[in-house]
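The next block holds one structure in the form of structure tokens; read it before the comments.
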Amino acid sequence: MEPSLDLELARVRRGAAEQLWRGASSRAAQTMLAIAFLFLFGKLGPANADPLSPTFAGVASLIIPGAGQASNGDYDAAAAHFGIFAVSTYGVLRYSRKDDYLEADQRYDDANSREFINRTTLKYDYAARLSTDTALYSSYGAYRDARARDNSGYRTPVPGESLTDLAVAPFSFRYLSRPTTFIPLAFQALAVFGSKGGYGVYRGHDVSMGDLYAFNAVANEMTAVGEEAFFRGFLNNEFSNRYGDNGGLVTSSVIFGLAHTGQGQTADALEAAAAGLYLGWLHQRNGFEAGEGVALHYWINVLAGVSAIRNGGSAQLLTFRFSF
């Protein structure tokens, strides 16, 4: 029997504070985990509490997008980052208050093998992705610019990739032609299109298949840029400088894993940590440039999404069976 989307389910309205927590939960988890690890490993000790330090700037913009840019003296970028974050966070709150917004227990089945989506929840997802990934990119951008201003004491290269550089990376032949990119993508494509059954996305009457494909392309662009910028461009670079390449790779990958819940089609902590090790290794191998990781991250996620949408959304992914 085909799954259907019951929009007549009775729902209890939530208070504003509860909505804010649920709307920002994934970002809050990433923020708290990053700050906890930075404190744990001494990166926000007295020597790094200077508001002009790269670490301080990166963490400040993770908590309040644009704050690190302001500490760097770039007030135009600060206003832009905070403005995008504020508007998208408003969207998260607005759509989560609508009567037909699907809570997690309505959206995902008990076996975590299928997902239901309607237009309101899809709009919520756009806003949530933009809010989260703005914070992640803002953190990287503040760290990058502070390092460019004063790189004394660092042995790792200054991050140099702009938002444009990272945004076009998934479509660059320079990256897609590399065996370290096209071989994992070939395995993902075989897993996606060579199997039947598995995870599926089922849409309501107000969402077209084209809507899902558009979301798959746009949202995964935001995710690939934001996550690679933050977890590799900021954390992998910073921790590698302090603990050596191996220590930095492990630390940033563990944080990347802990920021993933495994809900829906996303990776769980262990899967994401394993992916983080490979992406972090690519980052180091490429002289601490994140472009190839963005390209691989984007297409892995897009292929996983395509498999979940097509023909009713069924998908059985094997080696790379998740998006992250």
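Of ARG107, ARG174, which has the most accessible area and how do the rest follow, probe 1.4 Å? Please list the in-between numbers first.
On the way: ARG107 25, ARG174 125 Å².
Ranking ARG107, ARG174 by accessible area, largest first, yields ARG174, ARG107.
Can you check what the net charge comes to around ILE117, using other residues whose Cβ is under 12 Å from the Cβ of ILE117 (Lys, Arg +1; Asp, Glu -1)? Let's see the in-between values first.
Details: positive: ARG107, ARG114, ARG119, LYS123, ARG203; negative: ASP100, GLU115, ASP125, ASP206, ASP211.
Every neighbour counted, the sum reads 0.
I'd like to check one number: the per residue accessible area of the range 180-261, probe 1.4 Å, reported in Å² as a whole number. List each step's numbers first, then the result.
Details: 2970 Å² over 82 residues.
For the range 180-261, the per-residue accessible area is 36 Å².
Would you check the accessible area of ARG114, probe 1.4 Å, heavy atoms only, in square angstrom rounded to 10?
Here the residue's solvent-accessible area equals roughly 80 Å².
Hey, any idea what % of the range 91-189's accessible area is carbon plus sulfur with a 1.4 Å probe?
Values: 2530 of 4480 Å².
Answer for the range 91-189 is 57 percent, counting heavy atoms of protein chains only.
Sticking with the crude label model, points 7 Å out along Cα→Cβ, report the distance from ASP206 to ALA104 in nm, one decimal please.
Modelled inter-label distance: 2.4 nm.
Keeping every protein chain in place, order PHE173, PHE56, PHE193 by accessible area at 1.4 Å, biggest value first, i.e. largest first. Don't skip to the end; give the middle numbers.
Numbers: PHE173 160, PHE56 70, PHE193 100 Å².
Ranked from most to least accessible, the order is PHE173, PHE193, PHE56.
For a quick check of understanding: with a 1.4 angstrom probe and all protein chains in place, what accessible area in square angstrom does VAL250 have, to the nearest ten?
So the heavy atoms of VAL250 present about 80 Å² to solvent.
Could you rank TYR75, TYR278, TYR108 by how accessible they are, 1.4 Å probe, largest area first? Write out the running numbers ahead of the final one.
Details: TYR75 150, TYR278 75, TYR108 40 Å².
Final ranking, largest accessible area leading: TYR75, TYR278, TYR108.
How much solvent-accessible surface does TRP281 expose, in Å² to the nearest 10, with a 1.4 Å probe and all protein chains in place?
110 Å²
The values are calculated or read from the model by the stated rules, or taken from the named source; none is laboratory data. Bear in mind that the values here come from a model prediction, so they are computed numbers and not experimental data. Note that we place each Cβ from the backbone using ideal geometry, even for glycine, and neighbour counts take in every protein chain shown. Calculation scope for accessible area: heavy atoms of the full protein, side chains included, ligands and nucleic acids excluded. Shrake-Rupley method; radii C 1.70, N 1.55, O 1.52, S 1.80 Å.
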